[in-house]
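Encoded as structure tokens, here's the structure I'll be asking about.
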Amino acid sequence: MDINRTTLDSLYTGYKRNFSTGFGKVKPLWQRIATRIGSTTSQNVYPMLGDFPGMREWIGDRQLRLIGMHDYTIKNRDWEDSVRVKRNSIMDDEFGIYAPFMEGLGAAAAEHPDVLVFGALKDGFSSICYDGQNFFDTDHPVGGVGDTPVTTKSNMQAGAGAPWFLLDTSRPLLPLIFQERKKADRLDRLDDPTDPNVFHKKEFIYGVDGRYSAGYGFWQLAFGSKDTLNAANFKSARTAMETQVNDSGSPLGVSPKILVVGPTLRDAGEDILKKEQNSGGETNTLRNAVELVVVPWLV
């Protein structure tokens, strides 16, 4: 094949099509647990996370919320994936061998938010959220409004096993945040014969890049455990979520909707949520209590 602008444009059109095909085949899961927040700067500040929304009786003047007590910040991060195509491969009509790789490049770009968001969920036992505690912790401070004393609440079970998570995904702000400055959905190129990579190395470069990050919303909407996934621990986690209160001491009405596990806990999750009877032959009262969501990034 002759190397000229027309053939290079045609090649790029084909590679873009391969990239889009791979991108479109991915069915993301991160939207199940994270709210997408658009970003227009290097970072977003989330002052509203210090006060869980809730109505109160209007007696006297309005009791205004002071937003900005915590200033939880998520910084955007840069991501990229690129491939080099040798000029000789194009000249020798071997450019087609790169088509599957371009499709894989698109799939990897579409899949990366899943990797990032579920990675943040898994790291929640050691990563700080808006109140200065780890997202999953035993001593989140609660109270201090009116006559309500400051106490602590837990949203975790300690252990040494594979993690599992109960999440309330029914609220406008989901337990995690996916913050997006630039979506990684476009294949770019450096394929002009005068580009340094072509002139010096005889290589055409194609790549994708994005700018985004993941962080944490309200810890009250999530419960993380590394203890054994069984009926007793599931019930304990559910009770801990359903008894969460706001800083005034009023119930938040939290109710878990999904159980998130990795592949190694699939069977345990199905035993709890899908069997009609438990091991003793009694009716399984937890059947369909929540939806089971199995993700491959929790291993």
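Taken together, the values in this text are just the output of simple stated rules run on the coordinates, not laboratory data. Small disclaimer: the values here were computed from a predicted structure and weren't measured. Backbone-built Cβ (ideal geometry, glycine too); neighbour counts: all protein chains shown.
Do you know which residues across region 145-165 are more than 27 Å from Leu29 (Cβ to Cβ) and either touching a residue at least 40 places away in the same chain (Cβ under 8 Å) or not in a loop (DSSP other than H, G, I, E, B) (or both)? Quick ask: steps written out before the conclusion?
Filtering region 145-165 down to residues more than 27 Å from Leu29 (Cβ to Cβ) leaves 145-153.
Selection gives Val145, Gly146, Thr148, Thr151, Thr152, Lys153.
For the structure I just gave you, tell me whether Gly143 is buried (at least 17 other Cβ atoms within 10 Å of the Cβ), more than 25 Å from the chain's Cα centre (by Cα) and farther than 30 Å from Asp2 by Cβ. Full working, then the answer.
Working: buried (at least 17 other Cβ atoms within 10 Å of the Cβ): yes; more than 25 Å from the chain's Cα centre (by Cα): yes; farther than 30 Å from Asp2 by Cβ: yes.
Spelling it out, Gly143 is indeed buried (at least 17 other Cβ atoms within 10 Å of the Cβ), more than 25 Å from the chain's Cα centre (by Cα) and farther than 30 Å from Asp2 by Cβ.
Residue by residue through region 229-271, note down the ones that are out of contact with any strand residue (DSSP E or B) (no Cβ under 9 Å at 6 or more places or on another chain) and surrounded by fewer than 19 Cβ atoms within 10 Å (Cβ to Cβ).
Going residue by residue through region 229-271, those that are out of contact with any strand residue (DSSP E or B) (no Cβ under 9 Å at 6 or more places or on another chain) are 230-232, 235, 239, 248, 250, 253-255, 264, 267, 271.
Within region 229-271, Asn230, Ala231, Ala232, Lys235, Thr239, Ser248, Ser250, Gly253, Ser255, Thr264, Asp267, Asp271 qualify.
Of Ala214, Ala222, Ala237, which residue is in contact with a helix residue (DSSP H, G or I) (Cβ under 9 Å, 6 or more places away or on another chain), within 13 Å of Leu166 (Cα to Cα) and in contact (Cβ under 8 Å) with a residue 40 or more places away in the chain?
Ala222
I've got another one for you. List every residue pair whose Cβ atoms sit under 7 Å apart, with the two residues 6 or more apart in sequence or on different chains, where the first one lies in region 1-26 and is in contact (Cβ under 8 Å) with a residue 40 or more places away in the chain and the second, anywhere, is of a type in the set (Lys, Arg) and not in a helix (DSSP H, G or I).
As it stands, the answer is Tyr12/Arg189, since those pairs meet every condition given.
Are there any pairs, at least 6 apart or on different chains, whose C-beta atoms fall under 6 Å, with the first in region 166-188 and touching a residue at least 40 places away in the same chain (Cβ under 8 Å) and farther than 15 Å from Gln244 by Cβ and the second assigned to a loop (DSSP other than H, G, I, E, B) and of a type in the set (Ser, Thr, Tyr), and if so, which?
Gln179/Ser39; Arg181/Ser39
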